[in-house]
1. Kindly establish whether A:Ser271 is assigned to a strand (DSSP E or B), buried (at least 23 other Cβ atoms within 10 Å of the Cβ) and hydroxyl-bearing (Ser, Thr, Tyr).
2. If I go through region A:312-352 residue by residue, how many of them are in a loop (DSSP other than H, G, I, E, B) and polar (S, T, N, Q)?
3. Looking at A:Ser633, A:Ser643, A:Ser651, A:Ser665 in this structure, which one is touching a Gly at 6+ places or on another chain (Cβ under 8 Å), within 14 Å of chain B (Cβ to nearest Cβ), open to solvent by 10 Å² or more (accessible area, probe 1.4 Å) and modelled with pLDDT of 85 or more?
4. What's the total number of residues in region A:715-741 that are at pLDDT 90 or above and acidic (Asp, Glu)?
5. For region A:316-373, give me each residue that is surrounded by 16 or more Cβ atoms within 10 Å (Cβ to Cβ) and over 27 Å from A:Gly422 (Cα atoms).
6. Would you point out the residue of region A:374-389, among those that are among the aliphatic types (A, V, I, L, M) and farther than 24 Å from A:Ala439 by Cα, that is surrounded by the most Cβ atoms within 10 Å (Cβ to Cβ)?
7. Can you tell me which residue within region B:107-134, out of those that are assigned to a helix (DSSP H, G or I) and hydroxyl-bearing (Ser, Thr, Tyr), is nearest to the other protein chains (Cβ to nearest Cβ)?
8. Exactly one condition in (1) open to solvent by less than 20 Å² (accessible area, probe 1.4 Å); (2) under 22 Å from B:Phe241 (Cα atoms); (3) more than 12 Å from chain A (Cβ to nearest Cβ); (4) under 15 Å from the mean Cα position of the chain (by Cα) is false for B:Ser66; which is it?
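The values are calculated or read from the model by the stated rules, or taken from the named source; none is laboratory data. Here the structure is a predicted model, which is why all the values come from computation and not from measurement. Don't worry about glycine lacking a Cβ; one is built from the backbone with ideal geometry, like all the others, and counts go over all protein chains shown. Quick note on the areas: whole protein, heavy atoms, side chains included, nothing else; ligands and nucleic acids left out. Shrake-Rupley method; radii C 1.70, N 1.55, O 1.52, S 1.80 Å.
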Amino acid sequence: MDQPEKYQISKWTLFVDSFMSKFITVGGLSVIAAVLLILIFIGKEVIPLLEEAKVSPLETIDLPKVDIEHVAVDEWTTLPAFITKNSVYLVNLQKNNEISSKQFELENNSPITAVNYDQERQLVALGNSKGHVSLVELNYSQEFLDKYENGRQKSKTIFTMSQKPYLALAEDEAKVIKIAANQSESTKIVAAVTEKNNQQQLLVVTLKQSVDLFGNVSDDLTVDEKLNFTEYITGKIQKIIISSQADSILVYTDKNEVFSFRTKNGKIGFSQKFEPFKDEADKEIASMNYLFGSSTVIFSNKTGRFLGFSIYKPSEDMPRVFGLTKTTFDDLDGGAEVFSRSLRNKSFLVSNGKRIKLMYSTSESVNWEDTLDYDIKHSIISGKYDRILLVDDKNKLNILKLSDPHPEASVKTYFSKVWYEGQPEPKYLWSSTGGTEEAEKQLSMMPLIFGTLKATFYAMLFAVPIAILAAIYTSQFLPDSWKTIIKPLMEVMASLPSVIIGFLAALILAPMVEAKVPSIILVIVSVPLAAFIMGSAWSYLPPKIRYKCTEGMEFVFFAPILILVTVVAWNMGPVLESWFFTVVDSQGREIISFSRWWSESLGYEYTQKNAMIVGFAMGFAVIPIIFTIAEDSLSNVPKSLTSASLALGASRWQTTWRVVIPTASAGIFSACMIGLGRAVGETMIVLCAAGGTGLMEMNIFNGMRTLSLNLATELPEAAKQGTLYRTLFFGALILFVLTFIINTVAEIIRQHIRNKYKTV
Amino acid sequence: MTDKAILEEKIMSKASDNDSPQENSLINIQNYDFFYGDKQVLFDVNMDIPAKQIVSFIGPSGCGKSTLLRNINRMNDLVDGVHHNGDITINGQSNYDPHLDVISLRRRVGMVFQKSNPFPKSIYENVVYGLRIAGVKNRSVLDEAVERSLRASFLWEEVKDRLKDSALGLSGGQMQRLCIARAIASGPEIILMDEPCSALDPIATLKIEELIHELKKNYTIVIVTHSMQQASRVSDKTAFFYLGELIEYSDTDQLFSTPKEKKTEDYISGRFG
């Protein structure tokens, strides 16, 4: 320590040195920590998607010993109702399970022989022994009380029931043995099977309610049509169901055939007959039920196979019919003895004896299954999809708590082709919000991943050649005085906000390109060709002329020619178009239009906002990045190497090709990868110019939907903690992983190239 | 390509026609002035360099000796804003003849640089680089050229088993000899050496000097060096430059024993430099 003062280091220098080294360490570590935290946070939002449904028993209540036909429940699960052939029994869960009942009105003391309940429309249909039918509307409402509990106002559920007058359906006073009814805004349909002298009839009546100018629906029902569909049916009818839009009736018979009647132009008529289990060993239909939205019907047979039939157009010009779409459901021994559907999503609950399964139609997955210690006779899922009510063989009501926040989410819905409702074939589709509440959620990640890769591919296709060639030219051929102008200019280009590029692309470039595709093709072909021809021609000039031009300044001669070629090619576009791209329209006229030729002669779609526009715009955003980094690495190739090559008699191009590019290849590669990384995550440009349709084709004249675009557009619509919210986080995670993989692979390749070409 | 044909023939005949004695001057520099922009770095240089001899350029840093060397194969063309007066001719042909392609000039005049600069390629590819860019594809011609050049640069025994290995794995001296092999592989007439040993240790330097001696049989060599001992060891003639002027140019023995000029004497006796 006793060194002469002049050799001692000042305390301040030591302090700054140790402070800075710690400060930098902390800074670096916190960056890594921040990235990891983001990953953990995203992961935390995504993981609940994979959780299975949780069901736990809440309470068991003894019910009166009556023959329960159907179970109804209000949205809040406070007042379940049990429908028998005579009355409705109510259990007030808010009031010590007090049981009350309301009787159905009878007509001339004729007993009710058939009863049906539709949970979605809360409609009871009654049929009596004289062939008369009556509709009963159940009505639940909330009345708020002046009491508060845990800061929330307490409420009371009020149940009311309004029965419509009986209506003579069967003229011959035949007994109603099966009945179904449903209603839409203004139409009610009642379908019933009557039996007299062992003769079955299928009778349908449509009822209209008049709606006044203010949209008030009057109480009076008028018979619109009375139809007899008996002639279409062969065999004894086992069950009738009616869609919740009151536009479709399905019946199946003991011959295991299904007959479908559908509304077409306001009239209901026979549509189709099919045998659901035609290709199965066990052809006997055990159950037939609509799912929420009534687009899909689930059938089961006694061996426990489940099949889903959806209504769709097999081809453009055919009417909508039922077709087999779901075949991979889990089995349930004996088939669905008891069936109930969710009113929120495509879940359905099936049980047979003690065995119970909660399945999801879209993913064809089982979300919950169990073997209970009682035989299930009736089941219902509450409107909020948070309670399951089961009635067992001893007339005990079992209330179970259901927690299944993300039934739609599964590996299959995210990554496999799914046969969605209404689609003619299994597809990868994204549509988080359908037109209606009933629409099936389409949450495939594949079109988004594909769209991301497609946008990136076309952007790179456009950007990489231009950026790399420009970098080579600037670093190896252009005189230094020009280089000092070009390089900062390109860097300024990199700082252009992408929203401006996207905006210009969408509003100016897209409409212009649509009219000028042949011109663009001609320019793309002719400019490089012209440059190539000029380059070769130049090398054949005698040195005497060539050396008149300073090396690197040749572009002064080339540029005007290239501009001329561009202008000529651009203006030749319409000529090319008239030669090759004409279509004949329906009136036999020839129409010169590339976009119509593309779609009509080749059968591909042409949209104004397409991959080419995205390629140009995103390429424009990526070019400066690739250019700058590639130019740096090309310029950093040691002068000694280029000198060595030139001194051996190599031309500038030979030097560039054989020495400079290989030596700089690691840098050029990472330039491309950084550009790729930018393109993968780019949002604003695709938001403006990609169209946003989740298609899965490489067609350059078609749009796409990328992960980033999807996040940006749907984030405001996603309810917190909801399935869409978490799915968007999942998309973000995929984007994260995608860029992580690209960067890691790129870094490995870069290190490999660098080791191969490292210079002394 | 006649160029290529001639080259191939030349290599196959093992440069036999280079054996004919040629006493007359090969490189002729006349009234040569040279400028980097406005700055003149060479003033009225006149000298003859005879064939199959070794000529050293010596002088303090910044005296213009390297500039002159680099003008013999016009490597200075790569610098922005250079110009010259006077002429340099090789075998009577002017370096600045408008009909002359600078590429053919450089094939004729090989060059070895101060810092060894092998390409980041294999040893083999380094040696055949000059031939490849001239368009030679014939495998046997290339193989033959590699062996001949590496033997000529005393490197063959050391690397013959690892021709496919990266040249960057060689030692400093080996790399410099590889650069010499690369320069002679395409059969130049003249080899320019710009301080070829300045980055090497004494043993490697000795090997290079032996090699230069051997090469004299077939090539005309111009070498720029900072080491007067090296100049006196290897060269037949020595030129002393000072501030862009050629002060003295004579046989090496004579220049070092009885310099005519005061400046030369001061320099070689270590009074400045």
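1. On the way: assigned to a strand (DSSP E or B): yes; buried (at least 23 other Cβ atoms within 10 Å of the Cβ): no; hydroxyl-bearing (Ser, Thr, Tyr): yes.
So A:Ser271 fails the test.
2. Of region A:312-352, the ones in a loop (DSSP other than H, G, I, E, B) are A:313-320, A:327-337, A:342-346.
Now restrict to residues that are polar (S, T, N, Q): A:315, A:327-328, A:342, A:345.
The number of residues fulfilling the criteria is 5.
3. Numbers: A:Ser643 fails: touching a Gly at 6+ places or on another chain (Cβ under 8 Å); A:Ser651 fails: touching a Gly at 6+ places or on another chain (Cβ under 8 Å); A:Ser665 fails: touching a Gly at 6+ places or on another chain (Cβ under 8 Å).
When all the criteria are applied, what remains is A:Ser633.
4. 0
5. A:Gly334, A:Glu337, A:Ser351, A:Asn352, A:Gly353, A:Arg355, A:Ile356, A:Glu369, A:Leu372
6. Looking only at region A:374-389, we keep the residues that are among the aliphatic types (A, V, I, L, M), and these are A:376, A:380-381, A:388-389.
In the following step, the residues that additionally are farther than 24 Å from A:Ala439 by Cα were identified as A:376, A:389.
Values: A:Ile376: 21, A:Leu389: 23.
The extreme case among them is A:Leu389.
7. Step one: list which residues in region B:107-134 are assigned to a helix (DSSP H, G or I), which gives B:107-108, B:123-133.
Okay, now just the ones that are also hydroxyl-bearing (Ser, Thr, Tyr), so B:124, B:129.
Values: B:Tyr124: 14, B:Tyr129: 6 Å.
Filtering region B:107-134 for residues that are assigned to a helix (DSSP H, G or I) and hydroxyl-bearing (Ser, Thr, Tyr), the one nearest to the other protein chains (Cβ to nearest Cβ) comes out as B:Tyr129.
8. Going through the list (1) open to solvent by less than 20 Å² (accessible area, probe 1.4 Å); (2) under 22 Å from B:Phe241 (Cα atoms); (3) more than 12 Å from chain A (Cβ to nearest Cβ); (4) under 15 Å from the mean Cα position of the chain (by Cα), B:Ser66 breaks only (1).
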